[in-house]
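Everything on this sheet refers to the single structure shown next.
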Amino acid sequence: MRMSVCRVYVFAGVVVLGLLGVPSTARAQYRAAPAEGGIAENYHIEAAYSWWNAKPELIVNSEALGILGSDIDLISDLGIEQHQLGKLDLVLKPSKKHRFKYQHLPIKYQTDAFPVRREFIFNGQRYNIGLPVTTNVDFSSDTFGYEYDFIHMPWGFVGASINVKLTNIDVDLETPIGREFFQQSAPIPAFGFAARGYLTRNLSVDTEIQFFRIPESIEETIQGDGSFNDFDIHTTYNINKYVGTQVGWRKTTIFYTADNDTGDLKFTGFYFGGVVRY
């Protein structure tokens, strides 16, 4: 898992370097990005909404009553299906190098009376093959962040951010013989880097990474472990300085261990949406 994350960071670094180099090349060869830079940087409030066609990979395990649980694949074992997720992003930009960010990402799935395909144990209860299970899961998150753009030029910027991600982990299984559920909710600090480069005055490419891992030195003290990684790359075509459209690709991974409960959550896919500014 750590090797995979490293490859993502290396790729993101290459993209950032590319963003720094491409605009100047474009100006030299095509004169596409004049000195005044992109048209979409002079704003104070920005709101974007997008539809993320994220492929979920969801493994959870919950212990209770001293009975260890099974690794449950919510897709293959309980019939969770992929669907589009709505995502809201808000940016407050009081000055050219400072951005306050908020993101609301509701991630909810539901199945109704899906027959168990293999025997497993959840929350100390055994679920036998054929037992109909109604599943409700909620992995929604709200993220608050501050970004400082330490490099800012007319054709783009590079910045660093600190963030707090409020993540909900809620798995609820209901059968004709009873209901079991597991809930966790905790703030996750995350560090990040972001970059934007304009290919023309109207067309930009953005990339952003956020990451956090609980230090090994405190894992035993808190009786848990966890990590969070998020990589996003997208392009924006600005119709004018107030309105634009976006297409992008994103991958988010969350891993946690708390006592004898574990979860390994991945969401990967393309998204599209729109953005307005004032």
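Some notes on this structure:
- Filter result (basic (Lys, Arg) and under 17 Å from residue 252 (Cα atoms)) within the stretch 73-115: 87, 108
- Taking the stretch 139-187 as the range and being in contact with a Phe, Trp or Tyr (Cβ under 7 Å, 6 or more places away or on another chain), of a type in the set (Gly, Ala, Ser) and free of Cβ contacts under 8 Å to residues at least 40 places away in the same chain as the test, only 160 passes.
- Among the numbered conditions (1) acidic (Asp, Glu); (2) modelled with pLDDT of 95 or more; (3) more than 18 Å from the chain's Cα centre (by Cα), the only one that residue 208 does not meet is (3).
- Residue 245 modelled with pLDDT of 95 or more, surrounded by fewer than 17 Cβ atoms within 10 Å (Cβ to Cβ), in a strand (DSSP E or B) and among the polar types (S, T, N, Q): yes
- Of all residues in the stretch 213-236, one or more are within 16 Å of residue 276 (Cα to Cα), modelled with pLDDT of 95 or more and of a type in the set (Ser, Thr, Tyr).
- If the condition is being touching a Phe, Trp or Tyr at 6+ places or on another chain (Cβ under 6 Å) and polar (S, T, N, Q), then the stretch 64-101 contributes 70, 84.
- Some residue of the stretch 164-178 being farther than 24 Å from residue 42 by Cα, of a type in the set (A, V, I, L, M), over 15 Å from the mean Cα position of the chain (by Cα) and outside any strand (DSSP E or B): yes
- The condition of being assigned to a strand (DSSP E or B) and either in contact with a helix residue (DSSP H, G or I) (Cβ under 6 Å, 6 or more places away or on another chain) or at positive phi (or both) holds for only one of 197, 145, 192, that being 197.
- Looking across the stretch 123-142, the residues that are in a strand (DSSP E or B) and touching an Asp or Glu at 6+ places or on another chain (Cβ under 9 Å) come down to 125, 126, 127, 132, 133, 134, 135, 136, 137, 138.
- Restricting 256, 237 to those that are surrounded by fewer than 20 Cβ atoms within 10 Å (Cβ to Cβ) and part of a strand (DSSP E or B) reduces the list to 237.
- Condition met for residue 205 (farther than 27 Å from residue 79 by Cβ and part of a strand (DSSP E or B)): yes
- When we screen 140, 70, 50 for residues that are out of contact with any helix residue (DSSP H, G or I) (no Cβ under 9 Å at 6 or more places or on another chain), at pLDDT below 95 and under 30 Å from residue 211 (Cα atoms), the only hit is 70.
- Residue ID - nearest to residue 247 (Cα to Cα), chosen from residues in the stretch 200-218 that are hydrophobic (A, V, I, L, M, F, W, C) and without any contact (Cβ under 8 Å) to a residue 60 or more places away in the chain: 203
- Residue match in the stretch 27-34 (condition: assigned to a helix (DSSP H, G or I), under 18 Å from residue 207 (Cα atoms), of a type in the set (A, V, I, L, M, F, W, C) and modelled with pLDDT under 50): no
- On inspection, residue 277 passes the criterion of being at pLDDT 95 or above and of a type in the set (Lys, Arg).
- Once the stretch 259-276 is narrowed to residues that are in contact with a Gly (Cβ under 9 Å, 6 or more places away or on another chain) and surrounded by fewer than 17 Cβ atoms within 10 Å (Cβ to Cβ), the residue that is farthest from residue 64 (Cα to Cα) is 276.
- Answer residue from the stretch 35-47, given it is hydrophobic (A, V, I, L, M, F, W, C) and at pLDDT below 95 and is farthest from residue 81 (Cα to Cα) among those: 35
- Members of the stretch 77-89 found to be assigned to a strand (DSSP E or B) and surrounded by 15 or more Cβ atoms within 10 Å (Cβ to Cβ), listed by number: 85, 87, 88, 89
The values are calculated or read from the model by the stated rules, or taken from the named source; none is laboratory data. Nothing here was measured: the structure is a model prediction, and the numbers come from that model. Quick reminder, even Gly has a Cβ in these numbers, built from the backbone with ideal geometry, and neighbours come from all protein chains shown.
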